[in-house]
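All remarks here apply to the structure that follows.
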Amino acid sequence: MMEYEEIFRQIGIRIAYYRKLKGYTQEVFSEILDVSPSYYSQIEAAGCYKPISLRTLFRIAGALEVEPYKLLMRD
């Protein structure tokens, strides 16, 4: 198991939750973020270990209109 894999998985789940609340598909949201759909889908994929930068996290939080800490909260 990769270091922090579970944390990144939980972040991806939270991002997906807030994205769905906004009514965005992954494809539409990837366009909003100006990233490729395949890159974005890896962020949310439960079985994929995709670390993201703080810059990307802040961009996602801004686009979803949520505070970044809400994406980082642990269960």
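Scan region 14-30 and give yes if some residue there is hydrophobic (A, V, I, L, M, F, W, C), at pLDDT 90 or above, within 20 Å of residue 70 (Cα to Cα) and loosely packed, with under 14 Cβ neighbours inside 10 Å, otherwise no. Before the answer, list the steps.
We begin by selecting, within region 14-30, every residue hydrophobic (A, V, I, L, M, F, W, C); these are 15-16, 21, 28-29.
Keeping just the survivors that are at pLDDT 90 or above gives 15-16, 21, 28-29.
With the extra rule that they be within 20 Å of residue 70 (Cα to Cα), the set shrinks to 15-16, 21, 29.
Within this subset, residues satisfying the condition of being loosely packed, with under 14 Cβ neighbours inside 10 Å are 21.
Yes: one or more hits.
Any idea which residue in region 31-46 is modelled with the highest pLDDT, counting only those that are part of a helix (DSSP H, G or I) and among the charged types (D, E, K, R)? Please lay out each step first, then the result.
The initial filter retains those residues of region 31-46 that are part of a helix (DSSP H, G or I), namely 31-33, 37-44.
If we keep only those that are among the charged types (D, E, K, R) as well, we get 31, 44.
On the way: 31: 97, 44: 91.
Per the stated criteria, the residue is 31.
List pairs: first residue in region 1-24 and hydroxyl-bearing (Ser, Thr, Tyr), second residue surrounded by fewer than 17 Cβ atoms within 10 Å (Cβ to Cβ) and at pLDDT below 85 anywhere in the structure, Cβ distance under 8 angstrom, at least six positions apart or on different chains.
Correct list of pairs: 4/51.
Looking at region 39-56, I want the residues that are closer than 17 Å to residue 68 by Cβ and have a partner that is assigned to a loop (DSSP other than H, G, I, E, B) and among the charged types (D, E, K, R) with Cβ atoms under 9 Å, at least 6 apart or on another chain. Which pairs are those?
Cβ pairs passing all conditions: 43/50; 44/50.
The values are calculated or read from the model by the stated rules, or taken from the named source; none is laboratory data. Note that this is a predicted model, so its numbers are computed, not measured. Ideal geometry is used to build each Cβ from the backbone, glycine not excepted, and the neighbour counts take in all protein chains shown.
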